[in-house]
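What follows is a single structure, written as structure tokens, with notes after it.
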Amino acid sequence: IAKEVAKLLEMKAQLGGDEGKHKFVLKTPKGTRDYSPKQMAIRERVFNAIITCFKRHGAEVIDTPVFELKETLTGKYGEDSKLIYDLKDQGGELLSLRYDLTVPFARYLAMNKITNIKRYHIAKVYRRDNPAMTRGRYREFYQCDFDIAGQFDPMIPDAECLKIVHEILSDLQLGDFLIKVNDRRILDGMFAVCGVPDSKFRTICSSVDKLDKVRAGALGCNCRCWSFSEPEAWPVPTGGLDLIERLLQDPKLSQNKLAKEGLGDMKLLFEYLTLFGITGKISFDLSLARGLDYYTGVIFEAVLLQQENDHVEESVSVGSVAGGGRYDGLVGMFDPKGRKVPCVGVSIGIERIFSILEQRVEASEEKIRTTETQVLVASAQKKLLEERLKLISELWDAGIKAEVLYKKNPKLLNQLQYCEETGIPLVAIVGEQELKDGVVKLRDVATREEVNIRRESLVEEIRMRTSRP
């Protein structure tokens, strides 16, 4: 026994004993954060707007595990694969935290032999990145994805994805934005015409994707097939149908099969976007590359042009707020027989959007409600706790969002102040006289107007008042 006690004492000494209990640092891991009720209320607004849009377009919802087999994620992200979080071996499986929601979606389609689905998925993803939290860049963050899988006529699903981005960014009122579009086939065709080896295409795409502003010379080739004068001053061409037509007529580029296919589809895409009435916010931008290896066709990215705020000295700069594209080969990488399922999708950058809205609310000092309580059940005299609990139970059973203060005999003034502080619009007051008369005194917190309502009509009255715009 003495020997065992000595061992335990030695272990205790190694662990530092009781004196070390309060020496640990209270913080969240790097690249993560907690969210207060106020912050979560803002996030819920954004999520609701996005989900409403996804459902308006007929999407179903799915979910997948937060981690996948490591081999599922390996080789799908190009250079970004180094940002994948690997987990310690548990139970004989090598696992990794998901990097995005697209590769798990492709695995889901192949595993379940699904060839046609329109789905959305909102969940956390993980990246072993250098966080820049003031710009909405985290190691743990949500993605909001919308994807259309299936064999359809060209560019109709792609146009709908761009329409969805336009709807969401317009609805959230983030300020002026631009949706840049390009096509991987056009880029590959340009590189081929300029003499770039096939093996270097993806490397160059990844490099181009990291540049904020690219000039033709920065692509590492003299793209004289664009037929512009003063090559040292060339900007990367951007535009719409006019630029597409010019490139289609170029003698060198039009001879490349990939580029010709990409430009043909881009022309069709802009025709559909014109029908949707959103071309004013769309730009065909040859500098857009998007680094992920799995993109095969149309690619797009939404950026905020300028985020002005009169209440702070500096404007908020958060870069891209949405991105996506076509990935027709990804599902085939998982299918045992290599069967392809064409897919196109978009991911909304919820964290960056939230950073903007959070700073805007802070600057405006807007009061944010953190609950949806419709009515507080209060009492005007003492010894009415039982009556308050009876009434609130009736309201809860009827689906009314209601609260009661957790005191036997709260002062009426304290109950009214609680409503003003939390934004509860109505107070249902029970008193001795009201109980005798079979009524409840309903008070409007904002106007301080009070009316007596028959108890059996109270639920209907609360619903009517709280449903008003």
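Miscellaneous remarks
- Per residue value of the accessible surface for the chain (all protein chains in place, 1.4 Å probe), Å²: 54
- Furthest towards positive pole of dipole, 457, 182, 381, structure part the chain, Cβ charges: 381
- Put 347, 355 in order of accessible area, highest first, and with a 1.4 Å probe you get 347, 355.
- Across the options 156, 26, 170, the greatest Cα extent toward the positive end of the charge dipole of the chain (unit charges at beta carbon of Lys, Arg, Asp, Glu) belongs to 26.
- Overall, the chain carries a charge dipole of about 1040 debye about its Cα centre when +1 sits on the Cβ of Lys and Arg and -1 on the Cβ of Asp and Glu, all other atoms neutral.
- Taking the accessible area of region 375-467, probe 1.4 Å, and keeping the other protein chains in place, the carbon and sulfur fraction comes to 49%.
- Backbone HN-Hα couplings from phi across region 425-435 [Karplus 6.51/-1.76/1.60, Hz, Gly and Pro as x]: x, 10, 10, 9, 9, 9, x, 4, 5, 4, 5
- Global geometry of region 375-467, whether rounded, prolate or oblate, following the gyration tensor of its Cα atoms and the 1.5 cut on a/c: rounded
- For a straight C-alpha distance cut-off of 14 angstrom, the aspartates and glutamates reachable from residue 118 (same-chain residues fewer than eight places away being disregarded) are 60, 63, 145, 147, 158, 160.
- Cα-based reach from residue 3 at 16 Å (exclusive), listing lysines while leaving out same-chain residues under 8 positions away: 12
- Our helix-only sum for the chain, with -39,500 (n - 2.57) per DSSP H run of n ≥ 4 divided by its residues, gives a mean residue ellipticity at 222 nm of -11000 deg cm²/dmol.
- Nearest-20 debye value, region 375-467 charge dipole, Cβ charges on Lys, Arg, Asp, Glu: 300
- Under 5 Å from the amide H of residue 430 lie the amide H atoms of 378, 379, 380, each residue being 5 or more positions distant or on a separate chain, with H modelled from the backbone and absent for Pro and chain starts.
- Carbon/sulfur fraction of accessible area - region 71-175, other protein chains in place, 1.4 Å, %: 47
- Probe 1.4 Å, all protein chains present, accessible-area order of 111, 155, largest first: 111, 155
- Pairs from 411/441; 180/267; 163/267; 382/411; 30/180 whose Cα-Cα separation, in the structure shown, is over 20 Å: 30/180
- Reported label for calculated volume of the Cα convex hull per residue in Å³ given (1) 190; (2) 131; (3) 260: (3)
The values are calculated or read from the model by the stated rules, or taken from the named source; none is laboratory data. Treat the numbers as computed from the prediction; the structure is a model and nothing was measured. For neighbour counting, all protein chains shown are included, and Cβ atoms are generated from backbone atoms with ideal geometry for every residue, glycine included. Side chains included, ligands, DNA and RNA excluded: accessible areas come from the protein's heavy atoms. Shrake-Rupley method; radii C 1.70, N 1.55, O 1.52, S 1.80 Å.
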